[in-house]
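The values are calculated or read from the model by the stated rules, or taken from the named source; none is laboratory data. Remember, it's a predicted structure, so these values are computed and weren't measured experimentally. Glycine also receives a Cβ, built like all others from the backbone with ideal geometry; neighbour counts cover every protein chain displayed. Side chains are part of the model used for accessible areas, which takes the heavy atoms of the whole protein and leaves out ligands, DNA and RNA. Shrake-Rupley method; radii C 1.70, N 1.55, O 1.52, S 1.80 Å.
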Amino acid sequence: MTFTVEVDVPVPMRDGIALATNVWLPDGPGPFPALLVRTPYGKDDAGLYGNPKLPNVFALVEAGYAVVAQDVRGTSRSPGTFVPHNHEKTDSLDTLAWLAAQPWCDGEVGMWGGSYMGFTQWEAAAHDEPALRAIAPVMSSADPYAAPWRSPGGALSQDTVLTWGTLSALRNLRRDLANGHGDPADAEALMSSLTDPQSLQEPLPIAGRRTLTRSLPWLGQVLDHPERDAFWQEISAIDHCHRITVPALHVGGWYDVFIGETVRSYTMMRRHGGSAEARDGQRLLIGPWSHADGTDLGTYPDRSFGLAGSIKAAGVTEAHLLFFDRWVRGRTEAADGTHRVRIFVMGVDQWRDEVDWPLPDTRYTSFFITGGRANTATGDGVLTRDTPSVDATDTFVYDPRLPVPSLGGTVLAAASGAYPGPADQTPVETRDDVLCFTTAVLERPLEVTGHVTLVLHVSSSAPDTDFTGKLVDVHPDGRAILLCEGIQRVRYRESLTGPTLLEPGKVCELTIDMCVTANVFLPGHRIRLEVSSSNFPRYDRNTNTGGTVATDSEDDLAVAVNQVHRGPAHLSRLILPLIEQRETETERLE
């Protein structure tokens, strides 16, 4: 394979700034279709070209695409100041227009890349640049409020915000120091916090991190906007999916911080995309991966998915090439023999092609919480399809000074001291503030694939608090492996745009988005629901005051007595997406 590379090509923006851009051109006369990636992590960084979750750049060039990598404004070799999301719309549009005008480009452009690189794609797609033909966001979001900065239930994604924010602030500060500005002591403090998860996550108030916000003032804005107001709506492409006219390849992981929004972007575009081509051209690929685990093997300390769970087995590069050949090059035959959805089903640990998402044969089924005292896994809380006949109440004390620690799941984990993924939850199930509701041992396989929802009837002694839920696969050896989770800040139970505080002691209904999963519970296993009021540092701790959580100090923290009401008068329940036909298909596993 031969190609040429132009390094640090200055691409002019409408305000006169020129962004540093590398261009990889295939051998041959051209012109070529182009694939653009815009990154804040360094276009020259080896991670861009060796990340197994992203397509192989050399394979893209060998397939005849010009590959264009650009440092976003204020990062690496591009001038300006990096303010997350602030210039991505206009800078992406200006870059696309520049690309289409180059003699080596045939005017057909796709975009690709993961995490923040996905934000730049959605911003461009929502504003109808004619040259853009398709996007391929990997582990990203079209709604930055819901993921990764906050959550569908309104809580702050603290681990993600502080870890990513500290890394970004450090990059900004190092640029300042290289230009004779900034304080070296700030750099030392930021580095220290990255190596000490306790000092990064625990100090209150959250908004009191002056060293961090000096180098990344945007973080202060995130904390100043806990509601999904105009600050967030302005950068939410999913709010404008009716005007997005390009197809998208969505790639995600069951344990990725973005996974809920990866799937929602797919479903919203399938239903409401701005053209028939956009609606028909949505593709979804999900594996058993987390966001920043640094491995492509699908192996975690408490659970291994085997070689089948590896990113290599998923064929990420091949999926990108087929997708771009179809929608950027316009080769209709490229889609022949492919399916719209490809998912890794845990439990049976197999890849499966599907016609759509949610799976057409999904049957949403209520599992009610009942039994006796549900505190801890040794209690007698029960999860059953049978409608309960007796009213009861479970009570626990939530003290934000002693939160339930995050174990696995969708933590970013780059600096949290935890690891993401399918972690064993038994250490937290011994806590009295964790309610556990468990089914009987399963006699036959039961598949749960899709969106999981928890409906709780709750009350609290506090004017505001949180309720959390986790779906767990209890193995015969006692391991309680986390599948998916969610949280609801009670003040946002009616709307994310305006809080409604609780009347202490009054029962209200909450609906908790527990995200998505695909898992076959095998014979001998049990299904478990965990309920509590904290999951820290995955989410910030509710201070229980009803005030501004981000500015509450240690002295403001209040203890809440929280209750979950269940029975015929209060049908608290877990709603699982059962795939009944798959039960029959997997009976051979018995």
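Taking 35 Å as R0, compute the FRET efficiency from the Cβ-Cβ separation of Thr2 and Asn86 and round it to 0.05. Could you put the intermediate results ahead of the total?
Values: r = 39 Å, r/R0 = 1.12.
Once the sixth-power term is evaluated, E becomes 0.35.
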Next item on the list: Quick one, could you list the DSSP H helices from the chain stretching 27 Å or more along their long axis (Cα atoms) with average Kyte-Doolittle hydropathy of -0.5 or above?
Entry: 158-178
Notebook entry, point to check: Karplus couplings for region 492-507 from phi (6.51 cos²θ - 1.76 cosθ + 1.60, θ = phi - 60°), rounded to Hz, Gly and Pro as x?
Noted result: 9, 5, 9, 6, 7, 9, x, x, 10, 6, 7, 8, x, x, 7, 7
Note to self: Given contacts defined as C-alpha pairs under 8 Å and at least six residues apart, what's the relative contact order of region 230-369, whole-number percent?
What the structure shows: 19
Notebook entry, point to check: Shape call for region 352-507 from the C-alpha gyration tensor, a ≥ b ≥ c root eigenvalues: rounded (a/c under 1.5), prolate (a/b greater than b/c) or oblate?
Noted result: rounded
Next item on the list: Take the alpha carbon gyration tensor of region 3-147, find the square roots of its eigenvalues, order them as a ≥ b ≥ c, and report rounded if a/c is under 1.5; if not, report prolate when a/b exceeds b/c, else oblate.
Entry: rounded
Notebook entry, point to check: Under a point spin-label approximation (7 Å from Cα along Cα-to-Cβ), what is the Ser389-Leu557 distance to one decimal in nm?
Noted result: 4.4
Next item on the list: Enumerate the amide H contacts of Cys105 below 5 Å, restricted to partners 5 or more residues apart or on another chain; note that Pro and chain-start residues carry no placed amide H.
Entry: Phe32
Next item on the list: Calculate one ³J(HN,Hα) per residue across region 394-410 by plugging θ = phi - 60° into the Karplus curve 6.51 cos²θ - 1.76 cosθ + 1.60, and present them in order as whole Hz with x for glycine and proline.
Entry: 9, 10, 8, 9, 9, 10, x, 6, 10, x, 5, x, 5, 10, x, x, 9
Item checked: Proximal lysines relative to Lys470, as straight alpha-carbon distance under 30 Å, when same-chain residues fewer than 8 apart are discounted -> Lys53, Lys312, Lys506
Notebook entry, point to check: Using alpha-carbon pairs under 8 Å, 6+ residues apart, how would you state the relative contact order of the chain in percent?
Noted result: 14
Notebook entry, point to check: Using a probe of 1.4 angstrom, how much of the accessible area of the chain is carbon and sulfur, in percent?
Noted result: 51
Item checked: Cβ charges +1 (Lys, Arg) and -1 (Asp, Glu), total dipole of region 416-504, debye -> 160
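Skip the ligands, DNA and RNA, and give the accessible area per residue of the chain with a 1.4 Å probe, whole Å².
Working: 20860 Å² over 590 residues.
For the chain, the per-residue accessible area is 35 Å².
Want the number for Arg401 to Thr378: 0.36 nm per residue separation, take away the alpha-carbon distance, what's left? Please report the intermediate quantities before stating the final value.
Numbers: separation 23, 0.36 × 23 = 8.28 nm, distance 2.43 nm.
Between Arg401 and Thr378, full extension yields 5.9 nm more.
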